[in-house]
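Beneath this line is the structure, given in structure tokens, with notes to follow.
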Amino acid sequence: MVRRDASVLVVAGEASADMHGARVVRKLEELAPGTSAFGVGGDRLAAAGMEIVEHADSFSVIGFVEVVRHIPRLKAAMDRLVRLAVERRTPLALLIDYPGFNLMLAKRLKAAGVRVLYYVSPQVWAWGEGRVRAIAERVDRMAVVFEFEREFYRERGVEVEFVGHPLLEEPRLARPRTPRKAGEAPLLGLLPGSRWQEVERHLPVMLGAAEALVRDVPGLAVALGRAPGIAGGSLDGILRASELVVELVPPEATYDLMLRADALLVSSGTATLEAACAGAPMAVVYRVSPLSYAIARTLVRTRHIALVNIVAGEEVVPELIQGRLTVARLAESARPFLTDAERARGVTERLRAVRERLGTPGASERVARMALRMIDEA
């Protein structure tokens with residue numbers, strides 16, 4: 001019999017995790033009315049009824065070096081979460097992605113007697129075996145969103161379920177692509193990232209590439225998709241440095257942009273899978289501090305960085321990472337999607353195959369049911 005008054009700790013430190021977590025929290029309340037949630041989240045989790053102990057905006061830090069500067073603040077937040085979990089006799093923690101923080105938190109929660117369900121696996125298949133051992137010791141059950149991850153964990157003795165990817169629950173991404181009308185200008189979409197550090201590093205290069213493409217592609221329009229955690233006014237300084245006329249797209253219209261753009265320039269991350277679900281040809285970019293990149297090169301074990309290419313098992317879309325990310329290379333990578341209709345259609349077809357590898361809709365309910373079983377077992 002599932003406890004109807006259980007209070008679940010949820011930690012969603014990023015924009016995509018906030019979206020996925022909100023769906024699970026709603027399903028928990030639907031399946032077991034009276035179940036409550038508290039922890040780290042953003043506006044979506046708050047709207048789903050979760051008590052926000054720490055807002056996800058304060059967790060938006062990327063890169064090894066960058067994280068070091070924020071350790072005291074992150075440690076204080078972790079201390080608070082553990083204390084509240086013990087005080088409230090929380091039977092279960094649902095930790096979503098964000099491995100640098102969540103795997104350390106999992107260790108402390110496990111020691112405090114809180115069961116741990118981890119949703120959206122860290123990319124341990126890219127980072128090597130060390131984190132797998134940590135997961136086996138600290139996590140009671142994994143809910144993975146890629147089918148190949150299920151076999152990876154099973155071979156290493158970790159209890160795991162493949163739940164499918166939560167993006168398949170997004171009805172806006174299930175719509176057909178918006179065809180360009182006769183005489184309508186082609187459209188280039190810019191998605192520089194969900195964190196300010198990403199925007200600062202990616203957007204100037206994207207704007208430079210867009211300027212080059214506008215010169216080459218007659219009538220090309222440019223639109224910028226703004227992530228939920230990025231204030232519209234904060235982009236003004238970067239945009240003023242460019243001569244382009246750029247349509248600023250609010251967060252709630254980002255999927256519309258993906259569906260109507262002829263090509264996208266996208267920051268590596270969940271957005272590449274969202275764009276794949278929308279069938280949008282894209283070039284993927286990513287840049288961190290030089291020291292963070294040097295550290296990552298010694299650790300990463302995968303050929304690709306873009307999730308869309310990792311799922312496909314091959315390079316479906318071009319990747320421009322760190323030093324390879326230049327204005328000229330980025331423009332060159334995106335140009336065929338705007339000038340060669342056959343090439344663009346071919347990429348869209350290959351992206352459709354990527355979408356099929358993501359499973360079937362219903363991930364949030366599967367995770368909620370896993371959580372309720374674990375609460376019942378506690």
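The values are calculated or read from the model by the stated rules, or taken from the named source; none is laboratory data. Quick caveat: nothing in here was measured; it's all calculated off a predicted structure. All Cβ positions, even for glycine, are placed from backbone atoms using ideal geometry, and neighbour counts span all protein chains on display.
Couple of notes before you dig in:
- Test: residue in the stretch 141-150 that is closer than 29 Å to Pro336 by Cβ, among the charged types (D, E, K, R) and either modelled with pLDDT of 90 or more or within 15 Å of the chain's Cα centre (by Cα) (or both): no
- All positions within the stretch 82-122 that are under 23 Å from the mean Cα position of the chain (by Cα) and assigned to a helix (DSSP H, G or I): Pro99, Gly100, Phe101, Asn102, Leu103, Met104, Leu105, Ala106
- When residues of the stretch 278-289 are limited to those that are surrounded by fewer than 24 Cβ atoms within 10 Å (Cβ to Cβ) and either outside any loop (DSSP other than H, G, I, E, B) or among the β-branched types (Val, Ile, Thr) (or both), the one modelled with the highest pLDDT: Tyr286
- If you go through the stretch 311-334 and keep only what is in contact (Cβ under 8 Å) with a residue 60 or more places away in the chain and surrounded by 17 or more Cβ atoms within 10 Å (Cβ to Cβ), you end up with Val311, Leu325, Leu330, Ala331, Ala334.
- Considered as a group, the residues in the stretch 220-237 that are closer than 13 Å to Glu198 by Cα and of a type in the set (A, V, I, L, M) include one that is surrounded by the fewest Cβ atoms within 10 Å (Cβ to Cβ), and that residue is Leu235.
- Sub-7 Å Cβ pairs linking a first residue in the stretch 346-364 that is over 20 Å from Gly164 (Cβ atoms) to a second residue that is β-branched (Val, Ile, Thr), at least 6 apart or interchain, are Val347/Val316; Val347/Val317; Arg350/Val316, ordered by first then second residue.
- Matching entry among Ala76, Ala85, Ala106 (being of a type outside the set (S, T, N, Q), in contact with a strand residue (DSSP E or B) (Cβ under 7 Å, 6 or more places away or on another chain) and within 17 Å of Ile52 (Cβ to Cβ)): Ala85
- Verdict on Met206 being under 18 Å from the mean Cα position of the chain (by Cα), surrounded by 18 or more Cβ atoms within 10 Å (Cβ to Cβ), assigned to a helix (DSSP H, G or I) and of a type in the set (A, V, I, L, M, F, W, C): no
- Considering residues of the stretch 25-56 that are within 14 Å of Ser7 (Cα to Cα) and acidic (Asp, Glu) only, the residue nearest to the chain's Cα centre (by Cα): Glu51
- Put simply, of Arg350, Arg373, Arg343 the only residue that is in a helix (DSSP H, G or I), under 23 Å from the mean Cα position of the chain (by Cα) and either surrounded by fewer than 20 Cβ atoms within 10 Å (Cβ to Cβ) or modelled with pLDDT under 95 (or both) is Arg350.
- Screening the candidates Pro166, Pro99 for the property of being surrounded by fewer than 22 Cβ atoms within 10 Å (Cβ to Cβ), of a type outside the set (Lys, Arg) and within 16 Å of Gly21 (Cα to Cα) yields one hit, Pro99.
- Residues of the stretch 312-340 classified as assigned to a helix (DSSP H, G or I), out of contact with any Pro (no Cβ under 7 Å at 6 or more places or on another chain) and either at positive phi or at pLDDT 90 or above (or both), total: 13
- Gly189 touching a helix residue (DSSP H, G or I) at 6+ places or on another chain (Cβ under 7 Å), in a loop (DSSP other than H, G, I, E, B) and crowded, with 21+ Cβ neighbours inside 10 Å: no
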